[in-house]
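Since every read-out is calculated from the coordinates, none of them should be taken as a lab result. Model, not experiment: these values are computed from the prediction.
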Amino acid sequence: MDKLTAENRKLQDDLTHALARVEELTGKLNEAEDDLSSAPTSLRRMIRSENQSTGP
């Protein structure tokens, strides 16, 4: 029975670590998605700024 209890604890620890890693990676993914979604707006702003500064 002690062997099963020890294995159960190990599996619970593994699950806890895996869930923490999932949370960490989800945060990084959300940040990357935010960066990606804001890139076109930033690019348009940069192009407009360049066009205004090099205008006729």
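Between helix 2-53 and the chain, what is the angle of the helix's C-alpha long axis to the longest principal axis, kept within 0 to 90° and rounded to the nearest 10?
Approximately 0 degrees, to the nearest 10.
How much length is gained on full extension from ASN30 to LEU43, taking 0.36 nm per residue of separation minus their Cα-Cα distance?
Using 0.36 nm per residue and subtracting the Cα-Cα distance, I get 2.7 nm.
Pull out the extension gain between ASP2 and THR16, defined as 0.36 nm times the separation in residues minus the alpha carbon to alpha carbon distance; nm, one decimal.
Going from the current span to full extension adds 2.9 nm.
Mean 1/r over all different Cα pairs, inverted: what Kirkwood radius does the chain give, in Å?
Numbers: mean 1/r = 0.0653 Å⁻¹.
15.3 Å is the Kirkwood radius here.
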